[in-house]
There are 2 protein chains.
Amino acid sequence: MAAEIERKFLLDAPPQGVEEHPSEAIAQGYLALDGDVEVRVRRAGERALLTVKAGGGRRRVEEEVEIGRERFEALWPLTAGRRIVKRRYRVPAADGLVFEVDLYEEELAGLVVAEVEFPDDAAANAFTTPDWLGREVTDDPRWKNQALALHGRPD
Amino acid sequence: MAAEIERKFLLDAPPQGVEEHPSEAIAQGYLALDGDVEVRVRRAGERALLTVKAGGGRRRVEEEVEIGRERFEALWPLTAGRRIVKRRYRVPAADGLVFEVDLYEEELAGLVVAEVEFPDDAAANAFTTPDWLGREVTDDPRWKNQALALHGRPD
């Protein structure tokens, strides 16, 4: 499996016209965090998943299972206080790249984050950051999903 | 949904001839325990399930999802140190009742527990305990699956 190369940027505001692009509602919440094991549910559009994630390096495990809308709704209340809710817009860019622009809602309303995924290291390095992208937060753990869900916006 | 009425007994040894009855291998392990949320995997015969359980009383949630053998095998290593492994025999008794006799293995080898489920309170109370059943532990939390998996045999 090829490694995923992603860069993440913090935006001051939604990009002009972002609402014209296709989007889907995403809700993700944590059911249980125990040692290095994370169990979460996620609804993206009509799809609902339960994911168990653990470890790093060679011990890394990530298993995802479709749970359907009804089971998602039953489990969602257990994630209270440990959620992110956002709308994700897919904005096409140069060189066939696509920006995923996330407009956060509820507790994190106002937060706008854009991610772009690259086919390889060379493409990631060659990438010229457009003006409308703000500060890069790729390597800052405070902007990861779990940290945002548990601790809110870091600044 | 009707309440489940179960009584649980501790046996000194496997009942005579128990191996002649149909049985299946059961392996159950805990992936995450977080507050009152419990996430576990269970394999019984060819069936593999992931279960999220939480709360008590009105807030009670229990959702079970089939995960298949392969996903079970991927998740099982995460339950190390928090497992029960046993073979369950189904032993028919009087009045159409069935004893589930569990012969534990691995860390709990030697432990033998029998459970019997009743259609209603009257049947549970009317039940005459056969000689081969030992001490009743129905209401002792130390003999619940999670307690046995985490803390081992209580005596």
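The values are calculated or read from the model by the stated rules, or taken from the named source; none is laboratory data. All figures in this text were calculated on a predicted structure; none of them were measured in a lab. With ideal geometry, Cβ positions are generated from the backbone for all residues, glycine too; neighbour counts draw on all protein chains shown. When the accessible area is computed, the model is the full protein with side chains, heavy atoms only, and any ligands, DNA or RNA have been set aside. Shrake-Rupley method; radii C 1.70, N 1.55, O 1.52, S 1.80 Å.
Points to keep in mind about this one:
- Some residue of the range A:14-24 being open to solvent by 30 Å² or more (accessible area, probe 1.4 Å) and among the aliphatic types (A, V, I, L, M): no
- Positions within the range A:15-28 being not in a loop (DSSP other than H, G, I, E, B) and not hydrophobic (A, V, I, L, M, F, W, C), in sequence order: A:GLU19, A:GLU20, A:SER23, A:GLU24, A:GLN28
- Just one residue in the set B:PHE99, B:PHE127 is touching an Asp or Glu at 6+ places or on another chain (Cβ under 8 Å), more than 19 Å from B:GLY29 (Cβ to Cβ) and open to solvent by less than 40 Å² (accessible area, probe 1.4 Å); that residue is B:PHE99.
- Answer residue from the range B:47-61, given it is within 9 Å of another protein chain (Cβ to nearest Cβ) and not in a strand (DSSP E or B) and is modelled with the highest pLDDT among those: B:GLY55
- Test result for B:PRO154, out of contact with any strand residue (DSSP E or B) (no Cβ under 9 Å at 6 or more places or on another chain) and open to solvent by 30 Å² or more (accessible area, probe 1.4 Å): yes
- Qualifying residue in the range B:140-154 (condition: part of a loop (DSSP other than H, G, I, E, B) and basic (Lys, Arg)): yes
- Hits in the range A:102-121 - residues which are in a helix (DSSP H, G or I) and either surrounded by 13 or more Cβ atoms within 10 Å (Cβ to Cβ) or not charged (D, E, K, R) (or both): A:GLU107, A:LEU108
- Filter result (under 15 Å from A:GLU105 (Cα atoms), under 14 Å from the mean Cα position of the chain (by Cα) and of a type in the set (A, V, I, L, M, F, W, C)) within the range A:11-53: A:ALA25, A:ILE26, A:ALA27, A:ALA44
- Qualifying residue in the range A:34-46 (condition: away from every other protein chain (no Cβ under 11 Å), of a type outside the set (A, V, I, L, M, F, W, C) and open to solvent by less than 40 Å² (accessible area, probe 1.4 Å)): yes
- If you check B:LEU10, B:LEU31 for being in a strand (DSSP E or B) and closer than 27 Å to B:GLY68 by Cβ, only one passes: B:LEU31.
- Some residue of the range A:78-94 being away from chain B (no Cβ under 14 Å), at pLDDT below 95 and not in a strand (DSSP E or B): yes
- Residue within the range A:62-75 that is farther than 23 Å from B:VAL41 by Cβ, open to solvent by less than 40 Å² (accessible area, probe 1.4 Å) and modelled with pLDDT of 95 or more present: no
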